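Engineer: I'd like to ask you about the structure that follows.
The values are calculated or read from the model by the stated rules, or taken from the named source; none is laboratory data. The structure presented is a predicted model; accordingly, all values stated were derived computationally and were not measured. Cβ atoms come from the backbone with ideal geometry, glycine included; neighbour counts cover every protein chain shown. With ligands, DNA and RNA removed, areas are computed over all heavy atoms of the protein, side chains included. Shrake-Rupley method; radii C 1.70, N 1.55, O 1.52, S 1.80 Å.
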Amino acid sequence: MPDYKEYVAWDVPTRLFHWINAIVVIGLLVTGLDILLDNLFHHSASGKVTLKDVHVSFGYLMTVNLLWRFVWAFFGNKYARWRAIAPGGPGYLTALRAYTASFLAGEPQQYVGHNPMARIAVSLLFLLLLMQGITGLVLAGTDLYWPPFGHWFAAWVAAPGVDPALVAPGAIDLIDKTSYEAMRAFRKPFVIVHEFGFYALAVMIVLHIIAVVVTEVREGGSITSALFTGRKILSHRPPDASNDS
């Protein structure tokens, strides 16, 4: 028989991370798609630079927000910490088998934090976002000469006697052609990884939304509202409930 009870799940910093990340990633996907479809939109040279400026600005916000979340995973509440996010640790495989069996039986266990399957998905998403952040920072340096790597790339491609600080996108008269081509060759693998990550991230977002809807319908627990209120209402005592709950 259901025994509804309210549990504190997500603390304020965790909720802020989620919504900031959601908004920023949408901005990245929209501007990233615009950049990828440049042949369709035919942006001017200055328009391309402006679009990349906006995209990279979103990227900075995403990276800082992600790194903050990684730090908060050492200090947040029980459900915000690494041991409640990363798959593994004592009893994880047992919990995963139990959750999988209950899910297949049509009565999935309810969790205050991430269930064992969700922990795998969240960890993969974190790794994907980190990969996009790292490759994006490199490309911000090669394309716009922005920090943290921009000065190094500008010094690489600057023509003899030219101050690297003067090198800017499109300033072909200030760069050494041979050095620029070498820099672009170095850049290419990062472009490939970043574009792969773009498509993978888009797929992950769709799967995430589907998983939230399915979990909300099958498990209940006010999963979506908990990202606003920080609290879940569950009909059965969850395996990860605190002893004082």
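Engineer: Hey, does the range 91-100 have a residue that's touching a residue at least 24 places away in the same chain (Cβ under 8 Å) and in contact with an Asp or Glu (Cβ under 9 Å, 6 or more places away or on another chain)?
Structural biologist: Yes, because at least one residue in the range 91-100 is touching a residue at least 24 places away in the same chain (Cβ under 8 Å) and in contact with an Asp or Glu (Cβ under 9 Å, 6 or more places away or on another chain).
Engineer: Restrict the check to the range 133-144 and report whether at least one residue is assigned to a loop (DSSP other than H, G, I, E, B) and within 20 Å of Arg184 (Cβ to Cβ).
Structural biologist: Of the range 133-144, the ones assigned to a loop (DSSP other than H, G, I, E, B) are 144.
Keeping just the survivors that are within 20 Å of Arg184 (Cβ to Cβ) gives 144.
For the range 133-144, residues assigned to a loop (DSSP other than H, G, I, E, B) and within 20 Å of Arg184 (Cβ to Cβ): present.
Engineer: Kindly list the number of the only condition in (1) modelled with pLDDT of 95 or more; (2) under 25 Å from Thr135 (Cα atoms); (3) not in a helix (DSSP H, G or I) that fails for Ala80.
Structural biologist: With respect to (1) modelled with pLDDT of 95 or more; (2) under 25 Å from Thr135 (Cα atoms); (3) not in a helix (DSSP H, G or I), Ala80 is out only on (2).
Engineer: Moving on. Here are Gly47, Gly32, Gly106: which of them is more than 21 Å from Val122 (Cβ to Cβ), part of a helix (DSSP H, G or I) and over 24 Å from the mean Cα position of the chain (by Cα)? Even if it seems obvious, please write down each step before you answer.
Structural biologist: Working: Gly32 fails: over 24 Å from the mean Cα position of the chain (by Cα); Gly106 fails: part of a helix (DSSP H, G or I).
So the residue among Gly47, Gly32, Gly106 that is more than 21 Å from Val122 (Cβ to Cβ), part of a helix (DSSP H, G or I) and over 24 Å from the mean Cα position of the chain (by Cα) is Gly47.
Engineer: For the range 83-103, name all the residues that are open to solvent by 80 Å² or more (accessible area, probe 1.4 Å) and within 26 Å of the chain's Cα centre (by Cα). If you could, list the steps in order and put the result at the bottom.
Structural biologist: Taking the range 83-103 first, the residues open to solvent by 80 Å² or more (accessible area, probe 1.4 Å) are 83, 90, 93-94, 97.
Correct list: Arg83, Leu93.
Engineer: Condition check: part of a loop (DSSP other than H, G, I, E, B) and not aromatic (Phe, Trp, Tyr). Does His236 satisfy that? Even if it seems obvious, please write down each step before you answer.
Structural biologist: Numbers: part of a loop (DSSP other than H, G, I, E, B): yes; not aromatic (Phe, Trp, Tyr): yes.
Criteria met by His236.
Engineer: So, one more: What residue, of Val54, Val64, Val30, is open to solvent by 20 Å² or more (accessible area, probe 1.4 Å), of a type in the set (A, V, I, L, M, F, W, C) and touching a residue at least 12 places away in the same chain (Cβ under 8 Å)? Working first, answer last.
Structural biologist: Values: Val64 fails: touching a residue at least 12 places away in the same chain (Cβ under 8 Å); Val30 fails: touching a residue at least 12 places away in the same chain (Cβ under 8 Å).
That would be Val54, the only listed residue that is open to solvent by 20 Å² or more (accessible area, probe 1.4 Å), of a type in the set (A, V, I, L, M, F, W, C) and touching a residue at least 12 places away in the same chain (Cβ under 8 Å).
Engineer: Moving to a separate point now. Exactly one of (1) surrounded by 13 or more Cβ atoms within 10 Å (Cβ to Cβ); (2) modelled with pLDDT of 90 or more; (3) assigned to a helix (DSSP H, G or I) is unmet by Glu216. Its number?
Structural biologist: Result: Glu216 passes all but (2).
Engineer: Tell me which residues, restricted to the range 147-169, are open to solvent by 70 Å² or more (accessible area, probe 1.4 Å) and out of contact with any Pro (no Cβ under 8 Å at 6 or more places or on another chain).
Structural biologist: Initial filter on the range 147-169 (open to solvent by 70 Å² or more (accessible area, probe 1.4 Å)): 147-149, 151-152, 156, 160-161, 163, 165-166.
Listed by number, the residues that qualify are Pro147, Pro148, Phe149, Trp152, Trp156, Pro160, Gly161, Asp163, Ala165, Leu166.
Engineer: Follow-up question, since we're still on this one. Quick check on the range 154-184: of everything there that is under 17 Å from Lys48 (Cβ atoms) and without any contact (Cβ under 8 Å) to a residue 12 or more places away in the chain, which residue is farthest from the chain's Cα centre (by Cα)?
Structural biologist: The extreme case among them is Ile172.
Engineer: While we're on this one: If you go through the range 17-24 one residue at a time, do you hit one that is part of a helix (DSSP H, G or I), in contact with a Ser or Thr (Cβ under 9 Å, 6 or more places away or on another chain), open to solvent by less than 70 Å² (accessible area, probe 1.4 Å) and touching a residue at least 24 places away in the same chain (Cβ under 8 Å)? Step through it out loud before you land on a result.
Structural biologist: As a first pass, look at the range 17-24 and keep what is part of a helix (DSSP H, G or I): 17-24.
After this cut, where a residue has to be in contact with a Ser or Thr (Cβ under 9 Å, 6 or more places away or on another chain) as well, the list is none.
Within the range 17-24, none of the residues are part of a helix (DSSP H, G or I), in contact with a Ser or Thr (Cβ under 9 Å, 6 or more places away or on another chain), open to solvent by less than 70 Å² (accessible area, probe 1.4 Å) and touching a residue at least 24 places away in the same chain (Cβ under 8 Å).
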